[in-house]
Amino acid sequence: LAGSCTMSTAEDAEWLLWVTKQFGSIAGEDKEIDLEEFKTALQVKESFFAERFFALFDSDGSGTISLEELLKALTLLVHGSETDKLRFLFQVYDVDGKMRKNRLIWGSVGAFLEGSWCWQGSTGSGSIDPDELRVVLGWCLRESAIALPEERLEDLTLALFEAADKDHSGSITFEELREELEAFPEVMENLTISAASWLKPPVPTERTCRPRYLTRAYWHNHRSKLAFLGGYAALNLLLFTLAALQHAGLSGWLAVARGCGQCLNFNCSFLAALMLRRCLSWLRATPIAKVLPLDQHVVFHQLVGYVVLALAAVHTGAHVANFSRLARQDGHHALAEYLLSAQPGVGGLGGTASQTGLALQGLLVAMLAFSSPCVRRSGHFEVFYWTHLSYISVWTLLILHGPHFWKWFVVPGCLFVLEKVVGLAWRRAGGLRIVEVNLLPSKVTHLVIERPQFFHYKPGDYVYLNIPAIATYEWHPFTISSAPEQQETLWLHIRSLGQWTNKLYEYFQQPEWPHLEPKPLSRSLREKRRRCWVQCYMDGPYGTPTRRIFTSEHAVLIGAGIGITPFASILQSIMYRYRRRRQSCPNCHYSWSNDLRDEEMTLRKVDFIWINRDQKHFEWFVSLLTKLEMEQAEQEPGGQFLEMHMYMTSALSKNDMKAIGLQMALDLLAAKEQRDSITGLRTRTQPGRPNWSKVFGKVAEEKKGKVQVFFCGSPALAKVIRGHCEHFGFRFFKEHF
């Protein structure tokens, strides 16, 4: 419920109708809402604020809220003045006294003239003492899912109380609270109570505009992908047309079958080309990467797979229809004979085109069915793995089935075999050891693996990992989280999301593995470190879109949750390169940086944005980020070459009435101690989700050069960020495996 939103008369009427309708669905037969119904509808995590709001909404002290009382209270919070809303906030924090004294009345005279609201019948003493403030801040922490030691709660209480108690009287009055809030203008811009949808005004209907896919920004940001798809579709259409015309005089069904067959020759070979990971990684370092959408090769592989299945179905259906026509014409052969027995002149090796075709159709259906996300991500990866290995049978049958397939397949097929041989040789010769394991909270496994002597990779690259002790035949892709400049070992951070990753975490939880002492990440964050000597194999490295970061001028790195992994490697590498360019005077020890724009790194500015659901997820890389902050502070005092932005989505935002005091206290304490209470970083953790319009607007205003945005996280968030990038004209790249 937005406190500062302004609505027209029509919008106001629509909102009142909406609230009335929602109230009717929640209230009982008595047309009143009691406290329990109010708690359920408000959907707050803790009951403290529900009880406080209920008491203030219940203007007649009856113990229930009528529709009239609700509408009066909500109208105040939507249309009321800043003072009205602040007085309501003050009442929430003034928790002593009896709840039954709450009153909300319409003021016609006195301080609130011109039909404004005022809150009377205070629930408390009219001032807030330290004990009251501590109680409210404690509930604020619970509501925001923030766990802090008791002494930190005391520190927060003291910081806010000292700042607000202007006259040092030992209590905070309403006027003192208002004066302190004026120092936080962003809070008063949009004072709200976050609640269930029944309290929120409906989103105003916007005017119809052009679909996003028809905008110039969309075509500019997707030009390589759209050009590729256009060329792909045109090539298929050309191949179909040429083959169909060659057989048009024989039969319409045969023309369709031959056209689809020629397209299948191309697409089945193209499937192999799209999975040449080593070749694609090499191409990323060439000018071709600017023309072809190499970063989306997995997406295109999936698309071509669906095209192959569709073409195969039409191809098979057309041949069945043609065989049915032939069976009716000659009267000597039934349709089953054409389909199930070898027939001279039908095609294929020894006239077995029908049999090999049916076998191919069955294999393709099985491969596609078991490649679906619901199979791969539901703990049945081995089903996907083994059925996908039938590509060997598919290509063998295609060579037997189609007389011209080998001409299309010879080049990508040879490259595919060569890559597999190289990978197999590397795996057999490159048996490695996991030398250390750190079990982080949120079920993240940090593997430290000995680095092979000739293993060269770029920041953000990924490898396929096999650990025979977990699963003999399973290979899974993981991003390397250490920098290439780290010579002796490399790191992988693996979150437990599926069957294999959960088995990995549980395997290293076994008591027979020796412990070291817990290594502190911050005052409240811990990890368990274990020495080990477990064999593993790696296949890679393979390139990703993040290789482009070092050729950007202003890079914005956005990681959601474990999506920080590729950026961990990149941030470390950036600081390694930045350190190499630092120079200092031997006399006064003043240091400065040469121009960073060279053939290795053209970066002028890096903005790193990390979004996490809750506090514990920051434990993954907080020690690394702390080190990066310290390095930049030492090498570039006051500089902002690398700027970090942390967001915690479970925490209530600064303009939410349930969290204003907490967020003010966190700001005050962070300014005093020069570190954030949640992560221990110098960078203040922001509550809620980023306002992308403001974030990208600030980036655009800095004018540090061409902006490129790199994202690793959920597809839903990627879609949102991509839309904002198109609006601001930024290039957008998403991590794809």
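The values are calculated or read from the model by the stated rules, or taken from the named source; none is laboratory data. Please read these numbers as outputs of a predicted model, since none were measured by experiment. Here the Cβ is made from the backbone with ideal geometry for all residues, glycine too, and neighbour counts use every protein chain on show. These accessible areas exclude ligands, DNA and RNA; they are computed on the full protein's heavy atoms, side chains included. Shrake-Rupley method; radii C 1.70, N 1.55, O 1.52, S 1.80 Å.
Brief remarks follow.
- The gain in end-to-end length when the V135 to R223 segment is fully stretched comes to 26.1 nm, 0.36 nm per residue minus the alpha carbon separation.
- Cross-link table K166/K654; K290/K420; K39/K72; K225/K503; K225/K407, entries beyond 30 Å C-alpha to C-alpha: K225/K503
- Length gained on full extension, D167 to K503, computed as 0.36 nm times the residue gap minus the Cα-Cα distance: 115.0 nm.
- Note on exposure: T40, T546, T649 ranked by accessible area (1.4 Å probe, complete protein assembly) read T40, T649, T546, with the most exposed listed first.
- Efficiency of FRET between T75 and T20 - r from beta-carbon atoms, R0 22 angstrom, step 0.05: 0.95
- In plain terms, the chain from F184 to F454 could stretch by 91.7 nm, reckoned as 0.36 nm per residue minus the Cα-Cα distance.
- Within segment 216-424, the ratio Rg/Rh, alpha carbon atoms throughout and Rh by Kirkwood, equals 1.01.
- Spacing of the two label points (7 Å from each Cα toward its C-beta) at S393 and L418, in nm: 3.0
- Approximating the spin labels as points 7 Å out from Cα along Cα→Cβ, the S47-to-K31 distance works out to 2.9 nm.
- Label-to-label distance, R328 versus F728, with points set 7 angstrom from Cα along the beta-carbon direction: 6.4 nm.
- Per residue accessible area in Å² of segment 216-424, where ligands, DNA and RNA are left out and the probe is 1.4 Å: 53
- Of the solvent-accessible surface of segment 216-424, computed with a 1.4 Å probe over protein heavy atoms with every protein chain present, carbon and sulfur atoms account for 74 percent.
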